[in-house]
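Just below is one structure, and these are the notes that go with it.
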């Protein structure tokens, strides 16, 4: 009898530990104006059921559209897209409670920051309308220092309505953390900057610049798990480019598309995410299509299209795959909701679960394991 009780206790303990592992905080960045959002939302997320429960809202934050969490999970940084009045904000983050506390904010010397990255020394923003990159330091409290470097891009593209000037859309550290990749939609260029982490002012220095197809509008890029390949979505054409990567150099190995040849609508390639096992790539199209496309990744880094599904809403600007790999959450900027898909980890296939969370203009997702 004692052995049975002991065995049951062990099983229950194991199940409890597994349940704890499946629980996460989900921090969501949004557009507050115009729209229904009040700021930065924190939810509890159950990776077993895909259940979401709102924990808190950090209010009085203007358009915190994109967020980044530091590796130690103690600090969160948010852009504040507000034209020439744009800022970047710093918050402390309590893993135990999911609470955010405002630290400070700094002016962005470039309009409409739309992406940002951070490490233990610096915070770097991509400024869309300003066509620039801003670099900030961090003090010991996690607060931001004033801008210590501003890099201004000056080119343009062939589409005079969308590419009248440079439009920096993303910055991302390379897997080796030696470089920062920058996508410029306005210039049709992917630029690679050497990253001088501890520099006082010349943190980024240009190493290379790659031209994309004229009028394609490079938007977001991700690196494969091996660090040897990278994948770029181009907003205006819906093209997807696969690159090999080696020590700060990108070399094109393939180009495909999320758009069918007979598609007559407007393309709007938006987000691109890799499954945790590195086997599948997912890309959203927020144009008139409102789709999510699945690609399998071969051993040679090349892509093969596996399927495409309706995103279930209007304007899937961003989406995320939860840490368990079982769920994909698609955020819709215009229909103000998150649609939850079940993900087959073997085939990569997505199935709409019918679950929907109403939230104003969700555009960025950050998962944090609960303590």
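What number, rounded to the nearest 500 deg cm²/dmol, is the helix-based mean residue ellipticity at 222 nm of the chain, given -39500 (n - 2.57) per DSSP H run of at least four residues and division by all its residues? Before the final figure, lay out the partial values.
Working: 1 runs with 20 residues, N = 371.
Value at 222 nm, helices only, nearest 500: -2000 deg cm²/dmol.
When only Cα pairs under 8 Å and 6 or more residues apart are kept, what is the percent relative contact order across region 92-193?
Details: 242 pairs, mean separation 21.0, N = 102.
In percent, rounded to a whole number, it is 21.
Report the dimensions of the chain along its three principal axes from the alpha-carbon atoms, largest first, rounded to Å.
Dimensions of the chain along the principal axes of its Cα atoms: 77, 51, 41 Å.
Ranking 243, 367 by Cβ neighbours within 10 Å, fewest first, what do you get? Don't jump to the answer; show the numbers that get you there.
Details: 243 23, 367 17.
Listing 243, 367 from fewest to most nearby Cβ atoms yields 367, 243.
With 10 angstrom as the radius, rank 167, 237 by how many other C-beta atoms surround their C-beta, starting from the fewest. Present the calculation step by step, with values, prior to reporting the outcome.
Details: 167 29, 237 20.
Result, fewest neighbours first: 237, 167.
Test of understanding: in a Gaussian network model of the chain with alpha carbons linked when under 10 Å, which of 30, 320, 145 would top the mean-square fluctuation ranking?
Highest fluctuation among the options: 145.
Rank-order 98-108, 75-85, 257-267 by packing density, defined as the average count of other C-beta atoms within 10 Å over each peptide's residues, highest first.
On the way: 98-108: 17.4, 75-85: 20.6, 257-267: 14.6.
Ranking the peptides 98-108, 75-85, 257-267 by packing returns 75-85, 98-108, 257-267.
Can you sort 37, 209 from fewest to most other Cβ atoms within 10 Å of each residue's own Cβ?
Values: 37 25, 209 14.
Exposure proxy ranking, most exposed first: 209, 37.
Rounded, prolate or oblate: which fits region 227-353, taking a ≥ b ≥ c as square roots of the Cα gyration tensor eigenvalues, rounded meaning a/c under 1.5, else prolate when a/b beats b/c?
Values: a/c = 1.83, a/b = 1.27, b/c = 1.45.
Oblate is the answer for region 227-353, as a/c is 1.5 or above yet b/c matches or exceeds a/b.
Counting pairs of alpha carbon atoms under 8 Å apart in space and at least six apart in sequence, what relative contact order in percent does the chain give?
Details: 1072 pairs, mean separation 44.4, N = 371.
Relative contact order comes out at 12 percent.
Values in this text are rule-based calculations from the coordinates and carry no lab data. Predicted, not measured: the structure shown is a model, and the values here were computed from it. Methodologically, a virtual Cβ is constructed for each residue, glycine included, from the backbone with ideal geometry; neighbour enumeration extends over all protein chains shown.
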